[in-house]
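*Asks:* Quick one: structure below, then a few questions.
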């Protein structure tokens with residue numbers, strides 16, 4: 001019984017374990033049982049849905065569900081538009097062979113963009129079927145009704161399920177201007193429909209990427225050092241060849257991998273192989289990274305926001321406030337390392353991947369492999385965590401390269417060191433802010449300088465993301481896959497004179513990609529921490545001061561909702577500092593995401609231990625307005641998850657390196673929040689029926705760092721301006737304040 005694990009238990013208790021198999025085309029398709037590829041033209045209605053004779057609807061969606069519940073929410077939206085019950089719908093997501101290209105999953109647009117496209121397709125399907133029934137029966141379509149996918153004509157007592165009218169398909173184009181249902185006609189949208197993925201995840205039957213097994217599949221490990229920019233000098237695989245189950249070594253340029261019959265054999269072979277690497281140039285010194293970041297070459301400088309005359313405002317100030325803020329380099333730190341499976345047969349490559357951008361991966365793999373995009377199929381399976389592009393795309397490219405060398409299915413599993421040290425990072429960030437106040441304490445001027453990574457992807461070109469397999473094999477990569485990092489740099493308040501400038505650093509020193517709420521989380525931290533400092537300088541309550549500088553009714557409503565939920569007591573911050581060893585405080589933060597969509601206000605309560613430097617976030621209150629809510633429980637899931645993850649990023653997450661070696665390789669060297677440290681989270685949802693539905697995944701995290709920073713100030717009277725707020729940095733800040741007081 002010592003080896004009795006969870007999956008054994010599920011098998012014994014009858015819950016069962018699902019054996020997953022998918023496929024390619026032809027012989028491989030029959031072997032792996034993957035749905036046949038079909039038309040995925042975005043303007044063709046048949047690309048979006050099919051209906052069978054049993055009146056079952058299958059939706060084909062180019063987005064994927066990264067554990068955020070979007071599969072459930074999208075089904076609700078389509079079911080309402082189609083007039084079918086929720087349980088009648090199945091959904092295929094992120095398979096490039098069967099789903100239209102809806103761009104990547106991310107940027108908070110899965111519901112707003114992806115859902116709206118799906119709703120339009122569903123409305124077209126409903127109208128087309130009504131017209132077919134009307135034509136067959138010789139009656140006006142306006143006289144027909146639909147109940148759960150069955151069309152009825154009351155006068156003639158005729159009925160027809162959708163499936164009886166579908167024939168060979170719709171064979172029509174999607175009308176993008178078709179009339180959609182009014183929100184008052186929704187039956188499922190707005191309801192907390194239970195998530196469709198949870199039961200199988202609880203039972204252990206859910207098909208994760210890591211569980212996929214194909215007939216004849218081999219296992220591989222890619223060998224990479226934690227030396228950034230290293231080059232492979234020599235390889236001795238004599239010891240690896242002695243490992244039972246070893247198949248072969250694969251090398252192409254700096255790309256090195258071992259292949260074996262079992263995963264454990266691949267692990268042992270990867271440890272046995274002798275590889276010599278030449279280190280690349282040293283990275284900027286970790287201790288002075290923010291100073292170095294400011295001195296790096298600037299590709300361009302632009303005014304992100306310009307209002308009034310900032311020079312005159314600052315020159316005529318009754319009082320000035322200045323501060324600088326820093327945000328450390330962080331990594332995705334997915335709980336489970338990335339994994340992918342690839343097979344190459346008869347000129348066709350199929351990859352099973354947890355990428356959030358499967359259609360983009362087609363193009364990237366085409367460049368790396370030399371195959372045409374049409375001969376590559378990428379099939380999505382859930383991974384072990386992805387908010388931004390982590391190691392999933394790298395593992396997919398690794399598997400593709402090896403599979404093409406062998407002509408057999410290959411599974412590539414990254415190790416913990418690979419995921420933590422080698423997955424892409426967020427670039428560092430440093431920000432300078434300055435504000436002027438008049439004699440009454442009103443802000444008259446706001447100036448900001450934001451040092452950000454170069455916005456390489458105004459058009460989101462997929463080649464701008466430098467996959468390791470491409471770099472290893474000598475394929476030049478033009479830049480870093482980061483963009484729109486300027487958003488939320490603009491002042492979020494009504495100020496008569498504003499100048500916000502973004503300085504685009506030409507090249508990051510670590511491989512970068514999007515990490516949850518990219519750019520917005522750093523920019524909002526600076527803006528909201530600074531707003532707190534300005535409020536304190538004015539001797540005002542932090543929340544009241546924000547409200548005094550807003551004229552947006554929805555912004556005001558979301559702040560007031562957070563204040564009510566947290567029982568906010570009006571007073572200037574840091575006026576009730578406890579002199580004891582443990583002191584407590586509360587702080588507020590507000591954002592309108594991208595200054596255009598979702599509104600969030602957050603109040604954090606903290607305890608600070610002066611001796612240990614430990615900050616414990618005890619409670620977080622979030623008021624959230626994302627317009628028309630599709631699934632309230634799903635939004636709450638996203639808010640709670642966003643809070644907990646960002647508390648971790650705020651208090652402890654920071655990539656470490658020395659020379660050219662990344663030393664953050666595991667949970668000891670890159671710690672994340674533990675269960676006992678997680679705060680209580682209370683969410684207040686503000687529903688706006690009839691308004692556009694906006695994102696709910698990336699928004700709350702942007703408010704958390706500043707709310708904690710502001711609560712720390714309220715508790716101690718001391719400011720923290722560099723994330724993460726580690727115990728060491730807290731003790732330094734507190735001791736520095738004590739020295740000044742003395």
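Each value in this text was obtained by applying a stated rule to the coordinates, not by laboratory testing. On a predicted model such as this, the values are computed, not experimentally measured, just so you know. In this analysis, Cβ positions are derived from the backbone assuming ideal geometry, glycine residues included, and neighbour counts consider all displayed protein chains.
*Asks:* Based on the Cβ-Cβ distance of residue 58 and residue 262, what FRET efficiency does E = 1/(1 + (r/R0)^6) give at R0 = 56 Å, to the nearest 0.05?
*Replies:* Approximately 0.95, to the nearest 0.05.
*Asks:* Here's something else I'd like to know. So if each residue of separation counts as 0.36 nm, and I subtract the Cα-Cα distance between residue 236 and residue 286, what length gain in nm does that give?
*Replies:* Gain on stretching residue 236 to residue 286: 14.6 nm.
*Asks:* Given points 7 Å out from each Cα along the Cα-Cβ axis, report the residue 346 to residue 732 separation in nanometres with one decimal.
*Replies:* 6.3
*Asks:* While we're on this one: Please report the antiparallel percentage of DSSP beta bridges with both residues in region 537-741, rounded to the nearest 5.
*Replies:* Once the DSSP bridges in region 537-741 are tallied, antiparallel ones form about 80 percent.
*Asks:* Show me the three semi-axes of the equivalent ellipsoid for region 610-663, from the C-alpha gyration tensor (sqrt of 5 times each eigenvalue), largest first, rounded to whole Å.
*Replies:* 32, 18, 7
*Asks:* Efficiency by 1/(1 + (r/R0)^6): what FRET value for residue 279 and residue 557, r their Cβ-Cβ distance, R0 = 60 Å, to the nearest 0.05?
*Replies:* On the way: r = 55 Å, r/R0 = 0.92.
About 0.60, to the nearest 0.05.
*Asks:* If eta is 1.567 mPa s and T is 4 °C, what Stokes-Einstein diffusion coefficient results for the chain, Kirkwood Rh from Cα pairs, in µm²/s?
*Replies:* Reported coefficient: 47 µm²/s.
*Asks:* Continuing with the same structure: Please list the equivalent ellipsoid semi-axes of region 651-706, computed as the square roots of five times the alpha-carbon gyration tensor eigenvalues, in descending order and whole angstrom. All intermediate terms of the calculation are to be shown ahead of the outcome.
*Replies:* Values: eigenvalues 250, 51, 15 Å².
Its equivalent ellipsoid spans semi-axes of 35, 16, 9 Å.
*Asks:* Here's a follow-up. Dividing the alpha-carbon Rg of region 19-203 by 2.2 N^0.38 Å yields what?
*Replies:* After normalising by residue count via 2.2 N^0.38 Å, the value is 1.06.
*Asks:* Gain in length, residue 36 to residue 667, computed as 0.36 nm per residue apart minus the alpha-carbon separation, to one decimal in nm?
*Replies:* Full extension from residue 36 to residue 667 adds 223.0 nm.
*Asks:* What number in nm² do you get for region 696-742 if you take the convex hull of its Cα atoms and divide its surface by four?
*Replies:* That works out to 3.6 nm², a quarter of the Cα hull's surface.
*Asks:* Using a Debye calculation, one point per C-alpha and no hydration shell, please list log10 I(q)/I(0) for region 466-623 at q = 0.14, 0.17, 0.19 Å⁻¹ in order.
*Replies:* Computed log10 I(q)/I(0) values: -0.83, -1.06, -1.21.
*Asks:* Please report the antiparallel percentage of DSSP beta bridges with both residues in the chain, rounded to the nearest 5.
*Replies:* So the antiparallel bridges in the chain amount to around 75 percent.
*Asks:* Still on this structure: Do you know the relative contact order of the chain, to the nearest whole percent, from alpha carbon pairs under 8 angstrom that are 6+ apart?
*Replies:* 13
*Asks:* Another one. Taking only the alpha-carbon atoms of region 529-601, what semi-axes of the equivalent ellipsoid follow from 5 times the gyration tensor eigenvalues under a square root, in whole Å, largest first? Mind showing how you got there, number by number?
*Replies:* Numbers: eigenvalues 116, 35, 25 Å².
Ellipsoid half-lengths, sorted descending, are 24, 13, 11 Å.
*Asks:* Okay, which of region 688-717 sit inside 17 Å, backbone N to the point 7 Å along the Cα-Cβ direction of residue 183?
*Replies:* It comes to 688-696, nothing else.
*Asks:* Consider all pairwise Cα distances in region 489-528 and report the whole-number % of them above 16 Å.
*Replies:* For region 489-528, the share of Cα pairs beyond 16 Å comes to 51 percent.
*Asks:* Give me log10 I(q)/I(0) at q = 0.09 Å⁻¹ for region 164-294, Debye formula, one equal scatterer per alpha-carbon, no solvent.
*Replies:* The Debye formula, applied to the Cα set alone, gives -0.66.
*Asks:* Using the alpha-carbon centroid of each, what span in Å lies between region 665-742 and region 221-250?
*Replies:* 42
*Asks:* In whole angstrom, and with the biggest value first, how far do the Cα coordinates of region 219-330 range along each principal axis?
*Replies:* Principal-axis extents of region 219-330 (Cα, largest first): 78, 26, 24 Å.
*Asks:* Another question about this same structure. Can you give the relative contact order of region 537-741 as a percent, counting alpha carbon pairs under 8 Å and 6+ residues apart?
*Replies:* 29
*Asks:* Now for a separate question. Taking a temperature of 25 °C and a viscosity of 0.890 mPa s, what whole-number D in µm²/s does Stokes-Einstein yield for region 537-741 with Rh from Kirkwood over alpha carbon pairs?
*Replies:* 138
*Asks:* Another one. Compute the FRET efficiency between residue 494 and residue 677 as 1/(1 + (r/R0)^6), taking r as their Cβ-Cβ distance and R0 = 30 Å, and round to the nearest 0.05.
*Replies:* 0.20
*Asks:* Okay, next question. Determine, for 571, 377, 56, 157, the number of other Cβ atoms within 10 Å of each Cβ, and report the residues in order from fewest to most. Don't skip to the end; give the middle numbers.
*Replies:* On the way: 571 13, 377 24, 56 16, 157 7.
Least crowded to most crowded, the residues run 157, 571, 56, 377.
*Asks:* In whole angstrom, how far apart do the alpha carbon centroids of region 551-591 and region 94-122 sit?
*Replies:* Region 551-591 and region 94-122 have Cα centres separated by 38 Å.
*Asks:* Moving on to the next point. Roughly what % antiparallel, to the nearest 5, for the DSSP beta bridges in region 19-203?
*Replies:* Among the beta bridges of region 19-203, antiparallel pairing accounts for roughly 70 percent.
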